[in-house]
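The block underneath contains the structure these notes are about, expressed in structure tokens.
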Amino acid sequence: MKTFDAIIVGAGPAGSMTGYYLAKAGLDVLLVEKSKFPRRKVCGGGLTHRAFCEIPFSVDPVIHASVSWGMIGFRGRKITTITCDQPVAYLVERSSFDNHLLNEARQQGANCSQGERVRLCHDERGLFTVQTDHNTWYSRYIVGADGVHSLVAKEAGLVPERPTSLAYEAHLSYPEDKIDPLIQSITFDFGTLLGGYGWIFPKRDHINVGVFRNWPGRKASKSHLLRFIHQHPSLRHLQILNLRAYPGPLGGRINHLHKNRLLLVGDAANLTDPWLGEGLYYALVSGRMAAEAILAHASGQIKDLTGYSHRIKEAFEQQFFSARRLALLLSALPYLNVQMIKSSETLQNMIIKLLRGELTHQQVWRDIITLLPSKIAQPFKNNA
């Protein structure tokens, strides 16, 4: 029977990065993926600068555009433009981006079995058994990188309660006039639906448009997306090439993300910004941290993997709580807040620094609470 050092269930960014680091260190690694790459992944495809900096190899071949400015809108109307003299984010198409990360892991020596869905995963006397549609494999460690509905997490009894959202996205054809500012950079619209936002991300051969709801217990719908498209004069006459929905976690409290020699990463670990729904950064970081924990345990440096859960909790839990507060604040008074962003260079710089990784959600929340009373009072002072 074939026994691997580690089996990673799921070959998305979190799984591929875990495999990359483990294989690079010399471990015998198998990634098991239910799809065949490159595969369509429903996602806006916005890679923040801090996520870009987390990747230890070049991703230039799969970047569609580098973004240093963008528009903030409200119900289809442009409110303001935010600019920076450095890249804030990068636009990618997830099918090619994810395939690129997987290929990098394979170049380090990781094995990958595609088109196989894991049906059972259990631990027997110190050795994991992983059964798929076609094969049975064994490993010393297992990593669950199998998304928001993680089978690995379910079988291990980890993260039993997780808030989720449902986002909708569409690919639109390009307008005939490609000079349209709408397709020169990104747009976030914070008034298109209650408790969420709409986005416009231009790619090389299409425009990615979507809606995301970050209010717990509420989900975006197809009608929200169609209304958002109709609100924009530059979008309403474009052809809808396809339209899809996808579930995503809304990160929150972090407890146990490990059990014996099993770890969860990325969406499987419920690691997503509950304000913007951004998960790539957390997928990349958790993949690296999981690999570091496994390597330390395999070499006898640590006695168990408890430190992985503690490390993720320390790095992200308070950030998620602050991101949730930011989401609720913006959702409660969206028009007032976008107007304050328009009038405040300080607020604009906060958003830029957050996306670049120079500020955390916790720091942004603390600064906004300090700044907010004076900003709210300013209009009344001006009219006195």
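The values are calculated or read from the model by the stated rules, or taken from the named source; none is laboratory data. Just so it is clear, the structure is predicted and the values come from calculations on it, not from any experiment. When we count neighbours, we look across all protein chains shown, and the Cβ atoms used for this are built from the backbone with ideal geometry, even at glycine.
Residues are listed down the side, and each one gets a yes or a no for (1) within 26 Å of ARG50 (Cα to Cα); (2) out of contact with any Gly (no Cβ under 8 Å at 6 or more places or on another chain); (3) not basic (Lys, Arg):
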{"residue": "GLN107", "(1), (2), (3)": "yes, yes, yes"}
{"residue": "ALA110", "(1), (2), (3)": "yes, no, yes"}
{"residue": "HIS134", "(1), (2), (3)": "no, yes, yes"}
{"residue": "LEU151", "(1), (2), (3)": "no, no, yes"}
| query | How many residues are at pLDDT 90 or above, over 22 Å from HIS149 (Cβ atoms) and of a type in the set (D, E, K, R) if we restrict to the range 212-250? | reply | 1
| How many of the residues in the range 62-84 are modelled with pLDDT under 90 and either part of a helix (DSSP H, G or I) or of a type in the set (D, E, K, R) (or both)? | 3
| request: Of all residues in the range 88-105, count the ones that are over 17 Å from the mean Cα position of the chain (by Cα), surrounded by fewer than 18 Cβ atoms within 10 Å (Cβ to Cβ) and touching a residue at least 40 places away in the same chain (Cβ under 8 Å). | output: 0
| said: Can you find, within the range 308-324, the residue that is farthest from GLY195 (Cα to Cα) among those that are surrounded by fewer than 18 Cβ atoms within 10 Å (Cβ to Cβ) and in contact with a His (Cβ under 9 Å, 6 or more places away or on another chain)? | reply: GLN318
| request: Within the range 326-366, count every residue that is in a helix (DSSP H, G or I) and of a type in the set (Asp, Glu). | output: 1
| query | Among the residues of the range 218-244 satisfying the criterion of being under 21 Å from the mean Cα position of the chain (by Cα) and of a type in the set (A, V, I, L, M), which is surrounded by the fewest Cβ atoms within 10 Å (Cβ to Cβ)? | reply | LEU243
